[in-house]
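Working notes, beginning with the structure itself.
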Amino acid sequence: MSEHRILVIEDDLDIANVLRLDLTDAGYAVDHADSAMNGLIKAREDHPDLILLDLGLPDFDGGDVVQRLRKNSALPIIVLTARDTVEEKVRLLGLGADDYLIKPFHPDELLARVKVQLRQRASESLSMGDLTLDPQKRLVTYKAEELRLSPKEFDILALLIRQPGRVYSRHEIGQEIWQGRLPEGSNVVDVHMANLRAKLRDLDGYGLLRTVRGVGYALRG
């Protein structure tokens, strides 16, 4: 899989640039959005592994961003704010934030919290109906029967199962699984998807994998 990608939603460019520097120095890929709306668009289109979210955004409150993200995504959200009250922490955690960091904070604390959230996400079992995927054991079962997959097939399924119903284009799958190293016009993604579909079919997983002609692939949510 590719390096972890973090989306920073922060309207203060000075703070955003400092965060970008700290995160890139630690080996993360970083995207930036300067408003709530731009952040929601990037979260949908760029598929980050984690979001760092400022509350005081110019168009609407960061708490609203958390709510909107939680409607169709379980990716980790760490809130960055100067609002240091118990009531505010309880409110944001109740809306679906995973962690809460008070400004100003030390870069080492931020990086430690980012690592914790990414580690938790990587170790969580993922399921959709009778389909279950264990990232730590790299084990997939369907109706309690093991589905034997190649490493790339496993990675593709892990990508799709995190957002059931969401259609990923061939380009997006290539970027995520092969880090964009596939030559233009390659059919490698299609070959892997055909193999994955056949293995699911062997366990009576008919229709689990959906092909959207001219667009890409998805798991039926």
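The values are calculated or read from the model by the stated rules, or taken from the named source; none is laboratory data. A quick note: this is a predicted structure, and the numbers were derived from the prediction, not measured. Glycine gets a Cβ as well: all are built from the backbone with ideal geometry, and neighbour counts include every protein chain shown. Accessible surface areas use protein heavy atoms only, side chains included; no ligands, DNA or RNA. Shrake-Rupley method; radii C 1.70, N 1.55, O 1.52, S 1.80 Å.
Within region 48-59, the presence of at least one residue that is touching a residue at least 40 places away in the same chain (Cβ under 8 Å) and small (Gly, Ala, Ser) is confirmed.
For the condition more than 20 Å from GLU3 (Cβ to Cβ) and either in a helix (DSSP H, G or I) or not β-branched (Val, Ile, Thr) (or both), ASP22 does not qualify.
Do we have GLY129 as farther than 19 Å from LEU196 by Cβ and either out of contact with any helix residue (DSSP H, G or I) (no Cβ under 7 Å at 6 or more places or on another chain) or modelled with pLDDT under 90 (or both) here?
no
So which residues in region 190-208 are free of Cβ contacts under 8 Å to residues at least 24 places away in the same chain and under 16 Å from LEU149 (Cβ atoms), if there are any at all? Matches in region 190-208: VAL191, ALA194, ARG197, ALA198, ARG201, ASP202. If only residues of region 1-10 that are open to solvent by 10 Å² or more (accessible area, probe 1.4 Å) and in contact with a helix residue (DSSP H, G or I) (Cβ under 9 Å, 6 or more places away or on another chain) are counted, the one that is modelled with the highest pLDDT is ARG5.
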